[in-house]
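Visitor: Structure in structure tokens, see below.
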Amino acid sequence: MKDEDRTKVEHKQNEGKYQLFTKDILDSSAVGMFILDSDFKVAWINHSTEKYFGLQREKVIGKDKRKLIKKNIQHIFENPDEFIRKVFATYDNNTYAENFECHVLPEGKRKERWLEHWSQPIKSGLYAGGRIEHYYDITKRKQAEKEIKESEERLKILFDYAPDAYYISDLKGRFVDGNIAAERLMGYKKEEL
């Protein structure tokens, strides 16, 4: 075998290994990924995307993402019209990065979760003119935010209805907040103070 032929064979083998390596890495990511071509047809999705959206890779590759959203995806979101509006805007003007949160509703095997959508145009390579979309599972963060908010609301109720007068002032001694007992004691509503 000539050196030139051997180099071509080695190059082809390395290219195949690189593609398998890349596919394995992307498939093991907890971040859901859509790769779209310049016509916004699905070129590839990873396993997390299948799980988050209830899709099967072999059934969506080659499909127009807009039609896929309307037929298979929009119903899984709490606010489908908002999801469609934001995502389709990036397809209409594929020049900017987009970032927003979306709430996935539970159904069948699909769990309720919050996803952070992040996407940007692909500027070079095989899918130049297309788009890559990432979906980060932020469910734990959203649950923690909800718990903090509920805890703050409970604390506010305890503060407002405590039998003793409490007020809060800043470092300069200016009134910031007070409870109902403090209003009665001072003879003013907290808004007046």
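The values are calculated or read from the model by the stated rules, or taken from the named source; none is laboratory data. What you see is a predicted model; the values in this text were computed from it and never measured. Positions of Cβ are generated from backbone atoms using ideal geometry, with glycine treated the same way; all protein chains shown enter the neighbour counts. Just the protein is used for accessible areas: all its heavy atoms, side chains included, with ligands, DNA and RNA removed. Shrake-Rupley method; radii C 1.70, N 1.55, O 1.52, S 1.80 Å.
Visitor: Between a first residue in segment 36-60 that is at positive phi and a second residue that is of a type in the set (Ser, Thr, Tyr) and surrounded by fewer than 20 Cβ atoms within 10 Å (Cβ to Cβ), which pairs have beta carbons less than 7 Å apart while being 6 or more apart in sequence or on different chains?
Guide: Phe40/Tyr91
Visitor: Consider Gln56 against the criteria (1) more than 18 Å from the chain's Cα centre (by Cα); (2) open to solvent by less than 40 Å² (accessible area, probe 1.4 Å); (3) at pLDDT 80 or above: it satisfies all of them except one. Which criterion is unmet?
Guide: Here Gln56 meets the rest and fails (2).
Visitor: Output yes when any residue across segment 132-140 is surrounded by fewer than 11 Cβ atoms within 10 Å (Cβ to Cβ), out of contact with any Ser or Thr (no Cβ under 9 Å at 6 or more places or on another chain), at pLDDT 90 or above and not charged (D, E, K, R), and no when none is.
Guide: Within segment 132-140, not a single residue is surrounded by fewer than 11 Cβ atoms within 10 Å (Cβ to Cβ), out of contact with any Ser or Thr (no Cβ under 9 Å at 6 or more places or on another chain), at pLDDT 90 or above and not charged (D, E, K, R).
Visitor: Something else now. Would you check which residues across segment 59-82 are under 14 Å from Phe34 (Cα atoms), open to solvent by 70 Å² or more (accessible area, probe 1.4 Å) and in a helix (DSSP H, G or I) and list them?
Guide: Lys59, Arg66
Visitor: Quick one: which of Leu171, Leu155 is of a type in the set (A, V, I, L, M, F, W, C) and exposed (fewer than 10 other Cβ atoms within 10 Å of the Cβ)?
Guide: None of the others qualify; the one that does is Leu171.
Visitor: Pull up segment 27-42, narrow it to residues that are crowded, with 19+ Cβ neighbours inside 10 Å and among the β-branched types (Val, Ile, Thr), then point me to the one that is farthest from His134 (Cα to Cα).
Guide: This residue is Val42.
Visitor: Search segment 94-114 for residues being under 17 Å from Ile69 (Cβ atoms) and not in a strand (DSSP E or B), and hand back the single one that is farthest from the chain's Cα centre (by Cα).
Guide: Asn94
Visitor: Next question, about the same structure. Restricting to segment 134-185, give me the number of residues that are out of contact with any strand residue (DSSP E or B) (no Cβ under 7 Å at 6 or more places or on another chain) and either aromatic (Phe, Trp, Tyr) or without any contact (Cβ under 8 Å) to a residue 12 or more places away in the chain (or both).
Guide: Of all residues in segment 134-185, those out of contact with any strand residue (DSSP E or B) (no Cβ under 7 Å at 6 or more places or on another chain) come to 140-141, 143-165, 171-174, 179-181, 183-185.
This time we only want the ones that are either aromatic (Phe, Trp, Tyr) or without any contact (Cβ under 8 Å) to a residue 12 or more places away in the chain (or both), so: 140, 143-159, 161, 171-174, 183.
Counting residues in segment 134-185 that are out of contact with any strand residue (DSSP E or B) (no Cβ under 7 Å at 6 or more places or on another chain) and either aromatic (Phe, Trp, Tyr) or without any contact (Cβ under 8 Å) to a residue 12 or more places away in the chain (or both) gives 24.
Visitor: Can we say Gly129 is on the phi > 0 side of the Ramachandran plot and modelled with pLDDT of 90 or more? Walk me through how you get there before you give the answer.
Guide: Numbers: on the phi > 0 side of the Ramachandran plot: yes; modelled with pLDDT of 90 or more: yes.
It is true that Gly129 is on the phi > 0 side of the Ramachandran plot and modelled with pLDDT of 90 or more.
Visitor: Return only the number of the condition from (1) closer than 30 Å to Lys86 by Cβ; (2) among the hydroxyl-bearing types (Ser, Thr, Tyr); (3) open to solvent by less than 60 Å² (accessible area, probe 1.4 Å) that Tyr127 does not satisfy.
Guide: (3)
Visitor: Regarding segment 168-183, can at least one residue be identified that is on the phi > 0 side of the Ramachandran plot and not in a helix (DSSP H, G or I)?
Guide: yes
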